[in-house]
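Here is the structure we will look at.
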Amino acid sequence: MARILALDYGKVRTGIAVTDELQLIASGLTTVETNELIDFLSEYLEKESVERFVIGLPKQMDNSPSESEVLIQEFLKKLTGRFPSIPVERQDERFTSKMAKQSMLQSGMKKKKRQDKALVDEISATLILQAYLNRF
């Protein structure tokens with residue numbers, strides 16, 4: 001089997017998480033500058049087999065799309081244009097940043113580390129991927 005790769009897409013940074021090859025466990029991979037994301041994915045896909053992308057779906061509390069959805073739609077065009085053979089699925093990402101911060105606090109992480117926005121994005125991507133895996 002191949003891995004599933006999840007993205008917590010952001011205007012500045014994007015958190016990335018992947019599964020193991022058996023698609024059982026979601027783990028944080030890294031956070032990259034969004035303007036370098038396609039290049040990072042190209043390099044990653046040269047080394048690893050990825051079955052699908054899971055992209056966070058930002059929604060408001062009333063289920064309407066969030067403002068960042070416009071940016072994500074633009075990115076999705078680039079992603080599917082560059083990697084047409086890899087399917088893309090979406091996963092609701094409401095509360096993932098809040099949950100990421102809460103898990104960092106509960107794990108006893110020091111305040112300075114908890115303020116690392118890149119780490120929050122990576123953990124958020126992991127939560128998005130785990131929620132996707134839990135659907136099946």
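Worth pointing out:
- The number of residues in the range 37-64 being more than 30 Å from GLU21 (Cβ to Cβ) and in contact with a Pro (Cβ under 7 Å, 6 or more places away or on another chain) comes to 1.
- Members of the range 1-56 found to be free of Cβ contacts under 8 Å to residues at least 60 places away in the same chain, among the polar types (S, T, N, Q) and within 14 Å of ALA125 (Cα to Cα), listed by number: THR34
All of the numbers you see were taken from the coordinates with simple rules; none came from a lab. Since the structure is predicted, the reported quantities are computational estimates derived from the model, not experimental observations. Neighbour counts are summed over all protein chains in view; Cβ atoms, including those assigned to glycine, are modelled from backbone coordinates with ideal geometry.
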